[in-house]
Structure formats: C-alpha cells, structure tokens
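Worksheet: the structure to be examined is printed underneath.
The values are calculated or read from the model by the stated rules, or taken from the named source; none is laboratory data. Since this is a predicted model, take the numbers as computed values, not measurements. Don't worry about glycine lacking a Cβ; one is built from the backbone with ideal geometry, like all the others, and counts go over all protein chains shown.
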Amino acid sequence: MSFKEKVIYQIYPKSFLDTNQDGIGDLPGIKQKIPYLKRLGVDMIWLSPIYPSPQNDNGYDVANYTAINPMFGTMSDFENLIATAKEHGIEVMLDMVFNHVSTEHEWFQKALAGDKKYQAYFILRDEPTDWVSKFGGNAWAPFGETGKFYLHLFDKTQADLNWRNPEVREELFEVIRFWMEKGVKGFRFDVINLIGKDEVLKDCAENDGKPAYTDRPINHDFIHMMNQATFGKETDMITVGEMSFTTVENCILYTQPEREELNMTFNFHHLKVDYKDGKKWTQMPFDFTRLKELFHTWGTQMSQENGWNALFWNNHDQPRALNRFTDVDNYRVAGAKMLASSIHLNRGTPYIYMGEEIGMLDPDFDSMEKYADVESLNAYQELLLAGTSEKEAFKIVKAKSRDNSRTPMQWDSGEYSGFSTVDPWLSLGNTANEINVAKELQEGSIFNYYQRLIKLRKEYPIIAEGSYEAFLPDHPQIYSYIRSYEDRRLLVLNNFFPQETTIDLPDEFQKGEVLISNYDSDTKGQEITLKPYQSIAIYC
Ligand code: TEU
Ligand code: CA
C-alpha cells in the first residue's frame, strides 16, 4: 500500500495510557491499545519522542537517540510494541529530532569539557546574531566559560547541531539505521527545514530572524544525503518532514519523488489564521478567507507539481482544532466530522492526533499552575513584562497553550478517566466524563465516521490518487474542492459555519452518489443546502 492510501495516528506517549501508575503514559500502555487503533483502522502510529531526555521540552530535548527513556519503559517494551503492532497490521513511525540535542547529551557535555571534536558538532560563534528563540529570548547562550555562544533556536537546553560537519551527519544517519533495524517503518523529522544553516550567519530583524535560517538551499542537500544514506534504499519506509515557517515552493522540492528527499511535509500556515498580525500569543477569530486561500494554494500547487502534503488539524503543539474552528457548545459532533472530512478526502496523507477521533476538547484549566509547557510559561512571563494584565495574559495562554492537546487521553468515565489510577503529570480535561472512548464507542458517532473515512481512502483510488482543484473559491462559508482521477470526479463541500447555506450543484454531480456526509442528505435537484457544519462528498 502506498503512503497515499495510509492514515497515520499520532500518539503523545506521556499522555496516552499509564500502566505502571506513575501518572505518565508508557510503551506498554500504547501496546495495550493497539486493538483499539486497529479498530479505528489506522495504518501507522507516530510516537512523539520516547528517548532519554530531561523533558524540558517533553522529549524534544533528546539526551540519547538510541535508547528508551525509563519513564516510558525499556527497549524490550519497545520491541514488543513493534511486534504487537505488526501483528495487527500497524507500523510504527518515530520522531527524529535532528536539529538540536539536549545540552545533557554527551556530545554537548564533551564539547563543554573542551573536546574539540565535539565542539565542532555545535554552532558556536564569538558574536551572537539578533535571532530570537522560538521559545522566547535571544537564540544564543554563553558556551561555558569560553566566551563563545552556542545557538539554540528553541529552549536554552536544546543546542542546535552543526549539519555542515560530516561527522554529525554520519552520527545521525546511524541513528536512523539503528531504528530501521528494529523494524521502525516511518520517521517524522522534527523542524527538518532548519538544519541547514549558512556558513556565515547574519543578523535579520525580520520575523525574529527566521528568514536567515529557514529553508536555506543547503537544507535540501542535507535531506537528500540523509535519504540516500538511510531510508531511501527501502521502498516501504514513510517519511514526513515538519517544516517550520516554510513555503509551498520549498515543500514541492522536499517532496517531489525524483528529488529523493521526503515523502511529505507538514506546514502550519493554516493553523495561523487565528493569529493577530502573525503573532501566536494574541487572540482573534479565525480568518476563513485566508484559510481557504491557503488550502487552495497548497492543494493546487502540490497537485500540479507532484508534491505531497501531510494533512492535519491537530498535533501536540496545537490547541484542539474543534475549539478553534467550530462552535463546540452547539455543534461539537457535526464540527468534528466536517473537519475530518475536509482533510481525509483531500489530496495528501491524513494524520489523526489522539483524542481527535472522539472529539476531545481543550481542557478549560482555571489557573497558570496547571500549565507545564515551557513555551506557555515563557509566553505568560513575556506577556506580563509587555504590560498585559494577569487576567488577559492567562486568557491568551489558555487559548493558545500547547498543553491544550497534551492532556491525558480520555478512555472512560472513571477517576482519571482510565488513563491512570493516580494524579496524571498534566491534569485531565474538564469534559472527561462526557467525552471519552468508552462512551463514544457505545453511543457516539465521531469514531465511526473516522472509521468510514479511513476505509473510503482505501476503497476509492480517487481519494488517494486524484488531482485537486478549488471549487467555489470565493464562497464565504464553504471550503470545497474537486478531486479527479481517470474519468471519475469527487466533489467535497464543507460548511465551516453554524448557518445553513444553499448553492447550485454542477450538473455532473446532480445524480452523483453521496460517499459520506455528517447529515442525512441526497443530491436530487440542482441546489443543495448545507446544514450547520455540514460536509458532503459526492462522487460521479
Ligand atoms: O515544533 C516546531 C515548532 O516550530 C513548534 O514548536 C512551534 O514553534 C510552536 O509550537 C509554536 O507555538 C517541533 C515540535 O513539534 C515541538 O514539540 C518542539 O518543541 C520543537 O519542534 C522543538 O523540538
Ligand atoms: Ca507509566
């Protein structure tokens, strides 16, 4: 099966299922839920980092790339997980965080101790640039007592690696081979479009310095080298690059098959349409016109140039899309299905973030004490420093924090919602009693809807293989597209608002077959009225 037909499910291991009652999710917990994931129908699970780490950034600060954090279990737990998943026809994708290492990694420690070989693994300069860290503050920190500075695009404890050094590249390629030998079939590469830094680093006042270190031409060379040295030789490997602040032109280059870089890319533009002036720590209703423009630009260009998108609404860095893009008080279920349809029938490989399949929501925390994420804590302080009131700063963090999606998976209505029997590392969401897997499987309809979407992708080649073109690009309420494959066509209409809206149906679709809709609906007649948050897919 090609990666175009697959659906990938992201697990945040810390928050999935705790089996040894320490309040932290673990590998045996994931193994235990493989039958659940099989039932959903996903083909692959992507695990956020499970390696030894001081957890300053929840594992995205890796201290050892080829071991398992004891907090999650042992290497044999991991091997068991791979084996059980395989028995159920599910493959495993690991998260490779190759832009930076934890300052606790032995490479950094040796470098600090004066070892020249390891100093050349990092980006050390006498003079820092003006770049701003993505987690706040200057992106450079003093390198011990040397008078030099090391680059950290993220937290101070995440030191950027020097990919220009061939020894660094070889070390990282060896990591990929190590996991491939364990049977890992996919890799998600963290911020992989930031690895290629210029030789001479320059100040850049625009956008916190991002243009100076993002999507540099050499980045493509490094990814191609990685491909050739590791996964590129195997036909059944799946690779996805997380692309920060990227462009469609670059993502086409990253994913055109003949360039031998990656299968697909994540980009985040569609999840910034509720950022005021492009700034995350602000609040604004989402800009639907902008959202559509982005979907159509990316969808059309990737389709024309033979690139490939990774499609997603949620991940461990984003507040829940349901809260951002729908009216959850009145239309949670319809909204969840509409959002799902809009990407699962689209051109690209869909990703489901744990809990999305039951319509989980942001947690409604009542104080800053509940938040754990380094980015949220820094942002709160920066907001206060900038003169924002405590009340307002809290409101913003609450809407924007990455912890919104990191709360424990809601399995049942028991204490701690079946995630653990002790207080979890991050508090549960307030809706755990009403929104959980047990309840959803008994009486809900979102999970079933996802099951059907996943099946449709495998049954109708038009979904995996069809081209993409925009339909009704100027409609103020509907995001819609037409997929074409051989002589077949698929029209997907998604109403992003709680008001009904009526449109003329093109002739060719008037006698079409409804593949899936979140309302009872037929297509007899020239007009079609979409109910609040209705999605409908018509095949002809
Ligand atoms: O995320 C990269 C990234 O750009 C986001 O962290 C983004 O800057 C942030 O969410 C905006 O608010 C990846 C991982 O997904 C994230 O969890 C890590 O913290 C980060 O890289 C560093 O490894
Ligand atoms: Ca545990």
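Key figures for this structure:
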read-out: Every residue from region 217-246 that is within 16 Å of ligand 1 (Cβ to nearest atom) and either over 17 Å from the mean Cα position of the chain (by Cα) or in a helix (DSSP H, G or I) (or both); value: Asn219
read-out: Total residues in region 22-51, condition away from ligand 1 (no atom under 16 Å from the Cβ) and polar (S, T, N, Q); value: 1
read-out: Criterion: surrounded by 15 or more Cβ atoms within 10 Å (Cβ to Cβ), out of contact with any helix residue (DSSP H, G or I) (no Cβ under 6 Å at 6 or more places or on another chain) and of a type in the set (D, E, K, R) - qualifying residue of Arg483, Arg489; value: Arg489
read-out: Close pairs from region 34-59: first within 16 Å of Ile90 (Cα to Cα), partner within 16 Å of ligand 2 (Cβ to nearest atom) and assigned to a helix (DSSP H, G or I), Cβ under 7 Å, at least 6 apart; value: Leu47/Pro13
read-out: Residue that is nearest to Pro35 (Cα to Cα) [pool: residues in region 433-452 that are in contact (Cβ under 8 Å) with a residue 24 or more places away in the chain and outside any helix (DSSP H, G or I)]; value: Asn436
read-out: When residues of region 275-295 are limited to those that are farther than 23 Å from Glu382 by Cα and not hydrophobic (A, V, I, L, M, F, W, C), the one surrounded by the most Cβ atoms within 10 Å (Cβ to Cβ); value: Lys292
read-out: Whichever residue in region 275-292 is among the aromatic types (Phe, Trp, Tyr) and part of a loop (DSSP other than H, G, I, E, B) and, among such residues, is nearest to Ser480 (Cα to Cα); value: Phe286
read-out: Filter result for the condition that a residue is assigned by the TED database to the domain that holds Ser15 and surrounded by fewer than 24 Cβ atoms within 10 Å (Cβ to Cβ), over Gly387, Gly359; value: Gly387
read-out: Sole exception among (1) farther than 30 Å from Thr300 by Cα; (2) out of contact with any Lys or Arg (no Cβ under 7 Å at 6 or more places or on another chain) for Gly335, by number; value: (1)
read-out: Selection from region 82-108 of residues that are within 22 Å of the chain's Cα centre (by Cα) and either under 19 Å from Ile8 (Cα atoms) or of a type in the set (Val, Ile, Thr) (or both); value: Ile82, Ala85, Ile90, Glu91, Val92, Met93, Leu94, Asp95, Met96, Val97, Val101
read-out: Flag if Phe135 is buried (at least 20 other Cβ atoms within 10 Å of the Cβ), assigned to a helix (DSSP H, G or I) and either away from ligand 1 (no atom under 16 Å from the Cβ) or not assigned by the TED database to the domain that holds Lys202 (or both); value: no
read-out: Within region 204-220, tally of residues that are of a type outside the set (Gly, Ala, Ser) and closer than 18 Å to His100 by Cα; value: 8
read-out: Helices (runs of 4 or more DSSP H) fully within region 1-106 counting 1 or more residues that are in contact with a His (Cβ under 8 Å, 6 or more places away or on another chain) and in the same structural domain as Lys182 (by the TED database); value: 34-40
read-out: Counted residues, region 511-540 - those being farther than 16 Å from Tyr331 by Cα, in contact (Cβ under 8 Å) with a residue 40 or more places away in the chain and not in a strand (DSSP E or B); value: 1
read-out: Residues of region 513-531 that turn out to be surrounded by fewer than 19 Cβ atoms within 10 Å (Cβ to Cβ) and not aromatic (Phe, Trp, Tyr), as a count; value: 10
read-out: Evaluation of Cys204 against (1) closer than 30 Å to Ala113 by Cβ; (2) in contact with a Phe, Trp or Tyr (Cβ under 9 Å, 6 or more places away or on another chain) (one fails), failing number; value: (1)
read-out: Any chance Thr129 is more than 25 Å from Gly241 (Cα to Cα), more than 16 Å from ligand 2 (Cβ to nearest atom) and touching a residue at least 60 places away in the same chain (Cβ under 8 Å); value: yes
read-out: Test: residue in region 264-274 that is in contact (Cβ under 8 Å) with a residue 40 or more places away in the chain, of a type outside the set (Lys, Arg) and surrounded by fewer than 18 Cβ atoms within 10 Å (Cβ to Cβ); value: no
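The rows are residues; the columns are (1) within 28 Å of His316 (Cβ to Cβ); (2) touching a strand residue (DSSP E or B) at 6+ places or on another chain (Cβ under 9 Å); (3) crowded, with 23+ Cβ neighbours inside 10 Å; (4) outside the structural domain of Met264 (by the TED database).
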residue	(1), (2), (3), (4)
Thr146	no, yes, no, yes
Phe154	yes, yes, yes, yes
Asp190	yes, yes, no, no
Gly196	yes, no, no, no
Ala212	yes, no, no, no
Pro217	no, no, no, no
